[in-house]
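K.L.:
Right, I'll just put the structure down here and ask away after.
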Amino acid sequence: MYDASHYRHIIRTKTCANSSRRMIESKYLPATQGRHNRSEVIELMEIYDFTVRTIEGFQKSLDDYRGKVVLIVNTASKCGFTPQYEGLQELYRKYKDRGFVVLGFPSNDFMRQEPGTSEEIKQFCEVSFGVKFPMFEKIKVRGRNKHPLYEFLTSKKTNPGFGGSIKWNFTKFLIDREGRIINRFSPNTSPESIEPEITRLL
């Protein structure tokens with residue numbers, strides 16, 4: 001089951017395809033519960049509607065990143081791509097003052113390569129790679145119980161250009177200042193190679 005804290009959200013008016021208006025109650029409950037099917041609710045949302053939990057355990061609205069260029073990455077501490085933390089931090093260091101942010105979401109979905117607690121993950125990232133960009137609590141990024149944010153990112157309905165299941169750690173989604181998903185990068189795409197596309201959006 002999902003952590004219920006992931007599903008507290010808003011009652012928000014959305015514009016439907018037929019240009020009418022309706023009220024949508026979004027509590028992020030499993031699809032079998034509530035008035036609205038969870039997937040139907042997510043289809044009516046935008047990236048800034050989601051609330052996540054920081055690695056320190058605090059609720060954080062992605063609306064706080066509105067107007068920024070955002071790179072969302074599912075991470076792991078015991079993966080062959082783990083050294084990408086260094087490149088991600090360097091991108092954040094270089095461009096954070098221009099409105100760029102990296103958001104790291106640890107996940108244990110692939111070969112159990114993120115087994116640690118939030119405290120352990122945070123310490124590892126800071127000590128090993130000097131990570132200072134925002135990190136969040138460990139979540140599921142694939143399967144039936146994947147976090148609603150990743151349901152949004154991987155659904156072909158909400159992300160027709162770059163949807164599809166997450167295949168491995170360090171898959172990256174680039175979001176522009178208007179909240180649009182601009183590109184998706186595979187795990188073996190280095191952070192350094194993404195830099196030109198990031199600077200184009202800043």
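K.L.:
Could you list, ordered by first residue, the pairs with Cβ atoms under 6 Å in which the first is in the range 99-121 and in contact (Cβ under 8 Å) with a residue 24 or more places away in the chain and closer than 15 Å to Y85 by Cβ and the second is aromatic (F, W, Y) and part of a strand (DSSP E or B), at least 6 apart or interchain?
P.N.:
F105/F136
K.L.:
In addition: Here is a check on your reading of the model: is S165 closer than 25 Å to L44 by Cβ, among the hydroxyl-bearing types (S, T, Y) and without any contact (Cβ under 8 Å) to a residue 60 or more places away in the chain? Outline the logic, then answer.
P.N.:
Values: closer than 25 Å to L44 by Cβ: yes; among the hydroxyl-bearing types (S, T, Y): yes; without any contact (Cβ under 8 Å) to a residue 60 or more places away in the chain: yes.
Taking the combined requirement at face value, the residue satisfies it.
K.L.:
Checking the condition more than 14 Å from K172 (Cβ to Cβ), touching a Leu at 6+ places or on another chain (Cβ under 7 Å) and surrounded by fewer than 18 Cβ atoms within 10 Å (Cβ to Cβ), which residue from G80, G99 passes? Break it down stepwise before answering.
P.N.:
Working: G80 fails: touching a Leu at 6+ places or on another chain (Cβ under 7 Å).
Testing whether each residue is more than 14 Å from K172 (Cβ to Cβ), touching a Leu at 6+ places or on another chain (Cβ under 7 Å) and surrounded by fewer than 18 Cβ atoms within 10 Å (Cβ to Cβ) leaves just G99.
K.L.:
Give the residue that is modelled with the lowest pLDDT, with candidates limited to residues of the range 32-48 that are part of a loop (DSSP other than H, G, I, E, B) and loosely packed, with under 14 Cβ neighbours inside 10 Å.
P.N.:
Among those residues, the one meeting the criterion is T32.
K.L.:
Condition first: modelled with pLDDT of 95 or more, surrounded by fewer than 20 Cβ atoms within 10 Å (Cβ to Cβ) and more than 14 Å from the chain's Cα centre (by Cα). Can you find one or more residues in the range 144-157 that meet it?
P.N.:
No, the range 144-157 has no match at all.
K.L.:
Out of all the residues in the range 95-130, which are closer than 21 Å to Q59 by Cβ and either in contact with an Asp or Glu (Cβ under 9 Å, 6 or more places away or on another chain) or not aliphatic (A, V, I, L, M) (or both)?
P.N.:
Across the range 95-130, the qualifying residues are G104, F105, P106, S107, T117, S118, E119, I121, K122, C125.
The values are calculated or read from the model by the stated rules, or taken from the named source; none is laboratory data. A quick note: this is a predicted structure, and the numbers were derived from the prediction, not measured. Methodologically, a virtual Cβ is constructed for each residue, glycine included, from the backbone with ideal geometry; neighbour enumeration extends over all protein chains shown.
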